[in-house]
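Chemist: Here it is, the structure, as structure tokens.
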Amino acid sequence: MYKVIIVDNEESVRERLLNLLKKVNDNFEVIGSYENGFDALISGVPLNPDLLITDIKMPYIDGIDLIKRAKLELPLLQSIIISGYDSFDYAKQAISLGVIGYITKPINFEDLNEALTKAKIDLDKKLNIDKNIESLQKQADSALKMLQENDLNKLISLKEIPENFIDKLNIDKINLDYQYITLACIDFDDENYDITFTQNELVSLYLEKFIDEELSNLDLNFLTFSNSLETNLLMLSNTKIDKEKLQESLLRVVNKIKKACKTSISIGISEIIDTSKYKDKYRGVSFRMLYRHAKRTLEYRTILGSNMVMFFEDVDNTSSSTGKIDENEYKVLGFEILYGHIDEVFKKLENIMHRVTLESFKDTYYFVLNNVLDSILNSCVNLSVLYKEYMSHIEIIHRVFDAKTSDTAILLLKELILKIDEINKRSRQSKVETAFNQIKIFIENNYKNPLLSLEDVAKELGYSVSYISAIFKKNNTSFTKYLTDIRMNASLPLLASSNEKLITIASEVGYEDPYYFSHCFKKYFGMSPLDYRKK
């Protein structure tokens, strides 16, 4: 059953819609009813509706603006517009927003039923709730696909691309000769051991399907490939990749997976490389670096929450400190530390260290110990802090290598891992807090601008819209709520200490419409501005 919110400033219209929805279609459940766009944004959108039915002409925030703002938070949201008259201009804007239905008042049974039927077909199509794994498997099973997957997994492990490997890529129909290249890592938000094999297969197959649906409209070529750790997405284009459009498309993929598979994934995206700046064009690109940067970006789930699409540029302003160990076990060990999966790290560490105590490993113990220590240290995002708070690099090496038994070495390495995990968490938290402070300062300095939007903040500060939204969500608020907080509190001293007209005070705190200001004030403080002034 799909969730619906209704927005109309006429109570009689809202009641009629509620009654008609009960009679017309049992595939939809009304979860909220609001008299204006502001209330719908503050209270309705956080309920994650699938369908928005809204009047087009309302006070404060009209239907078109409401849809635009709501879709920033809910990319898959479908909309039906209702209007007191047939307006060509509004219809054009509605079409540009992908509105599924445009109904003129008075609302009748037939028109609403037709719009809801279209909405259900479209929602079903977008989410494609047909979980027949066998039918999807046929699309994924091909010899060429397997060859390409092996090639691409090798590509992200190579320090440099040898000439003969370029030839193999060409034979397997993988063309890397593009000007702009980026890589994304897609991973379950739940621990891997909580994911069943069937669920993993289902998500992998749906991922390819949804990625194909959402990215096919963008001017880029893309290839998906999986390994034991995650699914990866290589994207290439000869025109500059639009980050916002890419993010919107991948957010829709994330939301489709959540709806269709009842599980949560996140996507980390590396920086976008302009190969024209390299002497050897795409051959000069380190795909291994792009992969590692995409993986590092995913670490920020621990701070920002799940169901995210994040760019490397949003979360990293320091040079990479990722390790230089190519062997898979060492890489996994380092990545698990970066992810904060300490129990898994300890298991893998014990497994490696206990194996090297066997007779067959007696000549390689110190070589393996060096690689393990290297991988652990390279997982620390701020080595200078580690050396300052814990001990110097040389002291760490001597301490571990002087251990008389492998069990003692394991205990020392575990102690080091716990310290690194603490530093990594502090570093991630610090970066997010710094970003949040920048965002708050910008809003506090610009709240008087009545047109201030989430997109303005993102553009000015160089963050993506979804990253800013995630930071607000982590702090139990939203852009709209925080901006309203600032504006409401700024209005109090103006009301208390001046005799300025309400229209002037409203303008001073970012409201062009004094009636909208009064509505927001009363909803926020429980009394009108004039009552507050009298009090």
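Chemist: Rounding to the nearest 20 debye, state how big the charge dipole of the chain is about its Cα centre with +1 on each Lys and Arg Cβ and -1 on each Asp and Glu Cβ. Before the final figure, lay out each step's value.
Modeler: On the way: 68 positive and 80 negative charges, 167 e Å.
Roughly 800 debye for the chain.
Chemist: Select from Asn221, Leu234, His519 the residue farthest towards the positive end of the dipole of the chain; place +1 on Cβ of Lys and Arg, -1 on Cβ of Asp and Glu, and compute about the Cα centre.
Modeler: Final value for the positive-end residue is His519.
Chemist: Return a whole-number percent for the relative contact order of segment 206-249, with Cα pairs under 8 Å and 6 or more residues apart as the contact set.
Modeler: Working: 34 pairs, mean separation 15.7, N = 44.
So the answer I get is 36 percent.
Chemist: Related question: Give the cross-link partners of Lys347 among the lysines, using a straight C-alpha distance below 24 Å as the criterion and excluding same-chain residues fewer than 8 apart.
Modeler: Lys295, Lys324, Lys331, Lys362, Lys404, Lys414, Lys419, Lys425
Chemist: Give me the net charge of Met353's neighbourhood, meaning all other residues with Cβ under 12 Å from the Cβ of Met353; Lys, Arg count +1, Asp, Glu -1.
Modeler: So the surrounding residues net to +1.
Chemist: Residues with beta-carbon under 10 Å from that of Gly98, excluding Gly98: net charge, scoring Lys, Arg +1 and Asp, Glu -1?
Modeler: For residues surrounding Gly98, the net value is 0.
Chemist: How big is the dipole moment of segment 2-127 about its Cα centre under a simple scheme where the beta carbon of each Lys and Arg is +1, that of each Asp and Glu is -1, and everything else is neutral? Debye, nearest 20, please.
Modeler: Values: 15 positive and 20 negative charges, 70 e Å.
It comes to approximately 340 debye.
Chemist: In addition: Quote the relative contact order of the chain in percent (integer), defining contacts as alpha-carbon pairs under 8 Å separated by 6+ residues.
Modeler: About 10 percent, as a whole number.
Chemist: Run a plain Debye calculation on segment 133-316 (Cα atoms as equal point scatterers, no solvent) and give log10 I(q)/I(0) at q = 0.09 Å⁻¹, rounded to two decimals, same order as the q list.
Modeler: -0.30
Chemist: Hey, with R₀ at 30 Å, roughly what FRET efficiency would Ser216 and Asn449 work out to, going by the Cβ-Cβ distance, to 0.05?
Modeler: The value I calculate is 0.20.
Chemist: Between Leu123, Phe38, Ser83, whose Cα lies farthest towards the positive end of the dipole of segment 2-127 when Lys and Arg beta carbons carry +1 and Asp and Glu beta carbons carry -1, centred on the Cα centre?
Modeler: Farthest towards the positive pole: Leu123.
Chemist: Right, next: Once all Cα-Cα distances of segment 431-534 are split into 5 Å bins that start at 0, what whole-number percent is in each one?
Modeler: P(r) over segment 431-534, rounded to whole percents: 2, 12, 24, 21, 15, 13, 9, 4, 1.
Chemist: Taking just the C-alpha trace of segment 329-428, give me its Rg and Dmax in Å.
Modeler: Answer for segment 329-428, Rg first and Dmax second: 12.9, 42 Å.
Chemist: Right, another one. Which listed residue (Ile95, Gln429, Asn113) has the Cα farthest towards the positive end of the charge dipole for the chain, taking +1 on Lys and Arg C-beta and -1 on Asp and Glu C-beta about the Cα centre?
Modeler: Gln429
Chemist: I need the peptides 224-233, 51-60 ranked by packing, meaning the mean over residues of other C-beta atoms within 10 angstrom, with the highest value on top.
Modeler: Top to bottom by mean Cβ count within 10 Å: 51-60, 224-233.
Chemist: Suppose every Lys and Arg Cβ carries +1 and every Asp and Glu Cβ carries -1, with no other charges. What dipole size does segment 133-316 come out with about its Cα centre, to the nearest 20 debye? Present the calculation step by step, with values, prior to reporting the outcome.
Modeler: Numbers: 24 positive and 31 negative charges, 43 e Å.
Here segment 133-316 has a charge dipole of around 200 debye.
Chemist: What number, rounded to the nearest 500 deg cm²/dmol, is the helix-based mean residue ellipticity at 222 nm of the chain, given -39500 (n - 2.57) per DSSP H run of at least four residues and division by all its residues?
Modeler: The helix contribution divided over the chain gives -17500 deg cm²/dmol.
Chemist: Then there is this: Order these peptides, 507-517, 341-351, 61-71, by their mean beta-carbon neighbour count within 10 angstrom, highest first.
Modeler: Taking the mean over residues of other Cβ atoms within 10 Å, the ranking is 61-71, 507-517, 341-351.
Chemist: Please report the antiparallel percentage of the DSSP beta bridges confined to the chain, to the nearest 5. Intermediate results must be reported in sequence, preceding the final value.
Modeler: Numbers: 20 of 42 bridges.
In the chain, approximately 50 percent of DSSP beta bridges are antiparallel ones.
Just so you know, all these numbers are worked out from the coordinates, no wet-lab data involved. Only a predicted model underlies this, so the values are computations on that prediction, with no experimental measurement involved. Backbone-built Cβ (ideal geometry, glycine too); neighbour counts: all protein chains shown.
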